1. Ranking Ile80, Ile27 by Cβ neighbours within 10 Å, fewest first, what do you get?
2. What number, rounded to the nearest 500 deg cm²/dmol, is the helix-based mean residue ellipticity at 222 nm of the chain, given -39500 (n - 2.57) per DSSP H run of at least four residues and division by all its residues?
3. Of all GluC sites (Glu not before Pro) in the stretch 17-49, which ones are in loop regions per DSSP and have a Cβ with at most 14 other Cβ atoms within 10 Å?
4. Report, by chain and number, residues whose modeled amide H sits under 5 Å from the one on His63, excluding near sequence neighbours (fewer than 5 apart, same chain).
5. What residues have an amide H closer than 5 Å to that of Glu75, excluding those fewer than 5 places away on the same chain, when H is modeled at 1.01 Å from N in the peptide plane?
6. Quick one: P(r) of the stretch 17-75 from all Cα-Cα pairs, 5 Å bins, percents rounded to integers, in order of increasing distance.
7. On C-alpha positions alone, give me the angle between the axis of helix 166-199 and the longest principal axis of the chain, in degrees, nearest 10.
8. Most fluctuating residue of Val68, Val52, Val181 in a GNM of the chain with Cα springs under 10 Å: which is it?
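Each value in this text was obtained by applying a stated rule to the coordinates, not by laboratory testing. Nothing here was measured: the structure is a model prediction, and the numbers come from that model. Counting neighbours? That spans all protein chains shown, and the Cβs are built from the backbone with ideal geometry, glycine included.
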Amino acid sequence: MSNLANASSLLHTPQPLPANWYTDPGIYEIEQKILFENAPGYVGHELMAPEVGNYHSLEWMNHGKALVRTENGVELLSNICCHRQAIMLKGRGQAQNIVCPLHRWTYNLEGKLPAHGAIWLVYYPKMMIEWHPHSLIISHIAPSGPLTCTNVVEFYHPEDIALFEREFIEAEQATHKKTAVEDEEICQCMDDGRRELYRLGLNEAGP
């Protein structure tokens, strides 16, 4: 028990930490490894997923993980699809399986590898060619940084279509633009998942 009556003990207090200990990234890394890495942690209460099939994605972890109630209790699962690293669940709800919204890769409630999915074929590394009965569409990617790029799209049509079917061309290009907007949303989902993997220090690769 401390002797609060002994005033002399107050004269031998330890030196305070230097100011750089509160801001130095190196010190932060040491603290994370020694103090926090193996310490108990709290991610959420079991009532966040009270019934079998309930899920609750963890917003404070950027939805990179989710609590899922299984027959064996509440599990903390990765919420990032191994196919194209997209975030799968958002918020809370009920599900029989965990299904990625992009290509329908399907996981069971234990987060096992997908039982089935879809095939997405493109020409790598930067070009895609679409050949339709009345048009040839060539698109290629021009990277401008680790997280940004420009997609250049060119349309080619037979001469009779190009000269006399302007409405057809405009309708086709409008449809392609709509698809491009949907692709941008898909890319944003994948980007969110990959950013969270990077933040967690994980380097997962899809099949």
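1. By the 10 Å Cβ count, ascending, the order reads Ile27, Ile80.
2. -7500 deg cm²/dmol
3. Filter output for the stretch 17-49: Glu37.
4. Under 5 Å from the amide H of His63: Leu58.
5. Val68, Arg69, Thr70
6. Result, from short to long distances: 4, 16, 16, 14, 15, 11, 9, 7, 5, 2, 0 percent.
7. Result, in degrees: 20.
8. Val181
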